[in-house]
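One structure below.
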Amino acid sequence: MSDSLSLTREPESAFAQIDGTRLHYLAWSPDVQTSAADAIPLVLLHALAASADTWRLLANYLGEHPVVAFDLPGHGQNDPPPGGYDFAMKTVAEEVVRGMAALGLGQVALVAHGWGTRIALALAAHHPALVSHLVLVDGLHIDPKHWPGMTRERFIRQALPTEFFAARSAFLSAMQREMVDFWSPAVEAILLAHIRELPDGTVEERLRPAIRRRIREALWEDRALSYYSKVRCPVLLVQPSIEPAADSEPPEQLEHAEDFSLAKAYMALQVARAIRRCSILWLPQTAHDIQLHRPQLLAKAIINFVQEQENV
């Protein structure tokens with residue numbers, strides 16, 4: 001079961017005004033019962049096709065810190081981006097920086113998941129003074145063009161099967177099968193925030209297909225490895241897998257979820273060597289959506305990492 005079955009800390013839902021556009025965010029105030037007066041703010045960046053809502057369970061356990069979770073451009077409650085928006089990692093990172101500035105945030109600890117980890121890396125590389133700590137949760141550490149057997153078209157086309165969206169009930173049934181070990185009413189509510197129901201009863205992701213494709217095209221062209229040497233803050237990689245054995249080999253093809261998980265574990269080991277101060281937290285038998293599966297454990301790891309590094 002999930003570590004939490006209810007959304008007990010309700011956030012403020014609002015929009016940051018940025019150069020005539022709006023960037024939606026959720027904000028949780030620190031718990032005055034437990035928080036330190038100078039606790040560093042945490043900024044949370046979600047994965048592709050998700051939204052700020054994905055962090056609601058995790059926020060239950062981060063009461064010591066102010067927490068802000070942005071809907072990234074094209075996601076959640078944000079208006080569709082202008083036609084010229086290129087979705088390059090640096091472009092999206094600059095949007096987050098402007099959102100932080102609009103909220104009066106200075107230096108923060110960044111926590112990111114999936115696609116969001118690439119945004120966080122770009123932000124930390126180009127604005128090192130703004131990032132005190134970087135937590136990358138099951139991220140896209142290596143350029144997709146270097147993944148075993150991956151082609152540009154295969155990567156760009158990847159999406160959920162269309163049968164997931166035949167009806168709201170079909171979507172929930174498919175998601176529940178994938179998340180059976182930690183399904184709960186709270187998880188269901190979070191996932192429903194990522195879709196919209198159409199008049200004919202079908203549903204669709206809030207992330208428009210054309211924008212999804214543009215993001216994946218930008219990811220294919222991005223140079224992830226160029227960021228690591230520029231990151232100055234301590235970094236924690238959170239990997240939902242076992243640590244690969246020293247004498248084992250990475251998979252030669254990526255056909256199944258287990259292949260991707262193992263390949264990402266090897267990628268984490270590779271990039272950890274390229275980052276000045278980096279550690280890895282291995283979480284075997286954990287889903288990709290760690291913030292939904294094991295939010296309490298992830299929150300504890302984040303808080304301990306921030307506090308330990310501040311005391312070094």
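This table checks each residue for (1) at pLDDT 90 or above; (2) in contact with a Pro (Cβ under 6 Å, 6 or more places away or on another chain).
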| position | (1), (2) |
| --- | --- |
| Thr8 | no, no |
| Pro11 | yes, no |
| Asp19 | no, no |
| Tyr25 | yes, no |
| Thr34 | no, no |
| Ala49 | yes, no |
| Pro73 | yes, yes |
| Asp79 | no, no |
| Met89 | yes, no |
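Determine whether the stretch 296-311 contains at least one residue that is in contact with an Asp or Glu (Cβ under 9 Å, 6 or more places away or on another chain), assigned to a strand (DSSP E or B) and either surrounded by 19 or more Cβ atoms within 10 Å (Cβ to Cβ) or among the aliphatic types (A, V, I, L, M) (or both). There is no residue in the stretch 296-311 that is in contact with an Asp or Glu (Cβ under 9 Å, 6 or more places away or on another chain), assigned to a strand (DSSP E or B) and either surrounded by 19 or more Cβ atoms within 10 Å (Cβ to Cβ) or among the aliphatic types (A, V, I, L, M) (or both). The conditions of being modelled with pLDDT of 90 or more and closer than 22 Å to Lys90 by Cα are not met by Arg223. Here Leu140 clears all of (1) outside any helix (DSSP H, G or I); (2) surrounded by 13 or more Cβ atoms within 10 Å (Cβ to Cβ); (3) out of contact with any Phe, Trp or Tyr (no Cβ under 7 Å at 6 or more places or on another chain) except the condition numbered (3). In the stretch 212-246, the residue that is nearest to Asp259 (Cα to Cα) out of those that are of a type in the set (Val, Ile, Thr) and surrounded by 20 or more Cβ atoms within 10 Å (Cβ to Cβ) is Val238. Of the residues making up the stretch 39-59, those that are farther than 17 Å from Leu191 by Cα and in a loop (DSSP other than H, G, I, E, B) are Ala39, Ile40, Pro41. The one condition from (1) more than 20 Å from the chain's Cα centre (by Cα); (2) more than 30 Å from Ala210 (Cα to Cα) that Pro41 does not meet is (1). The condition (being in contact with a Pro (Cβ under 9 Å, 6 or more places away or on another chain), touching a residue at least 60 places away in the same chain (Cβ under 8 Å) and of a type in the set (A, V, I, L, M, F, W, C)) is satisfied by just one residue among Leu219, Leu207, Leu136: Leu219.
Report yes if Ala287 is out of contact with any Pro (no Cβ under 8 Å at 6 or more places or on another chain), among the small types (Gly, Ala, Ser), more than 12 Å from His141 (Cα to Cα) and assigned to a loop (DSSP other than H, G, I, E, B), otherwise no. For Ala287, the condition - out of contact with any Pro (no Cβ under 8 Å at 6 or more places or on another chain), among the small types (Gly, Ala, Ser), more than 12 Å from His141 (Cα to Cα) and assigned to a loop (DSSP other than H, G, I, E, B) - is not met.
Here the stretch 92-117 is the region considered, the condition is being free of Cβ contacts under 8 Å to residues at least 40 places away in the same chain and over 20 Å from Pro234 (Cα atoms), and the residue that is farthest from the chain's Cα centre (by Cα) is Gly104.
The values are calculated or read from the model by the stated rules, or taken from the named source; none is laboratory data. These numbers come from a predicted model, not from an experiment. Backbone-built Cβ (ideal geometry, glycine too); neighbour counts: all protein chains shown.
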